[in-house]
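Take a look at the structure set out below.
The values are calculated or read from the model by the stated rules, or taken from the named source; none is laboratory data. Not measured: the values here are computed from a predicted model. All Cβ positions, even for glycine, are placed from backbone atoms using ideal geometry, and neighbour counts span all protein chains on display.
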Amino acid sequence: MGLATRMAPYTASELLPLLASTAEAAAAHCDSGTNNTMCTPFWTSDTAPVSYGVGPQMSALNVFNANLLQFVESAKVVTSSTGGNSTGNVNAGNPASDEVNLITPATTGDRVLAGVLTSLVSVGSIGFACWLAI
């Protein structure tokens with residue numbers, strides 16, 4: 001929902017209060033565990049079973065971060081009239097361009113090695129599949 005407020009700013013007036021109340025509920029349930037720093041996934045009820053793990057921690061972090069998006073300045077679109085520049089190189093990709101060509105043509109030895117490796121992988125895959133089927 002936090003990203004929806006950035007992509008469609010007209011939704012911010014409805015979504016930001018929901019995100020704020022969700023963050024408050026999540027923070028109220030982030031006082032568990034041995035150091036009182038673990039979050040539980042049940043933010044709307046105090047009687048739910050307590051479970052800890054990476055998932056509840058990441059969910060709470062996601063809610064907190066979504067509330068911070070409103071304070072981040074959005075990137076401005078740059079066009080040719082607002083300072084953008086798009087210079088091209090009509091010779092790009094040609095042998096006469098300034099790019100260094102590091103790929104050499106395949107030799108006969110390269111082709112033989114590729115064939116041997118392909119055969120080994122194919123035979124190994126078929127053998128592995130037969131071993132699994134047994």
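Could you tell me whether the range 30-40 includes any residue that is within 24 Å of THR5 (Cβ to Cβ), modelled with pLDDT under 85, part of a helix (DSSP H, G or I) and within 31 Å of the chain's Cα centre (by Cα)?
Checked the range 30-40: no residue is within 24 Å of THR5 (Cβ to Cβ), modelled with pLDDT under 85, part of a helix (DSSP H, G or I) and within 31 Å of the chain's Cα centre (by Cα).
Can you go through GLN70, GLN57 and tell me which one is within 20 Å of ARG6 (Cα to Cα) and either of a type in the set (Gly, Ala, Ser) or touching a residue at least 12 places away in the same chain (Cβ under 8 Å) (or both)?
GLN70
Which of (1) modelled with pLDDT of 75 or more; (2) out of contact with any strand residue (DSSP E or B) (no Cβ under 6 Å at 6 or more places or on another chain) is the odd one out, the single condition ASP98 does not satisfy?
(1)
Go through the range 17-29 residue by residue and tally those that are crowded, with 17+ Cβ neighbours inside 10 Å and part of a helix (DSSP H, G or I).
Of the residues in the range 17-29, 4 are crowded, with 17+ Cβ neighbours inside 10 Å and part of a helix (DSSP H, G or I).
THR47 - would you say it is among the hydroxyl-bearing types (Ser, Thr, Tyr), exposed (fewer than 15 other Cβ atoms within 10 Å of the Cβ) and assigned to a loop (DSSP other than H, G, I, E, B)? Reasoning before the result, please.
Values: among the hydroxyl-bearing types (Ser, Thr, Tyr): yes; exposed (fewer than 15 other Cβ atoms within 10 Å of the Cβ): yes; assigned to a loop (DSSP other than H, G, I, E, B): yes.
Yes, satisfied.
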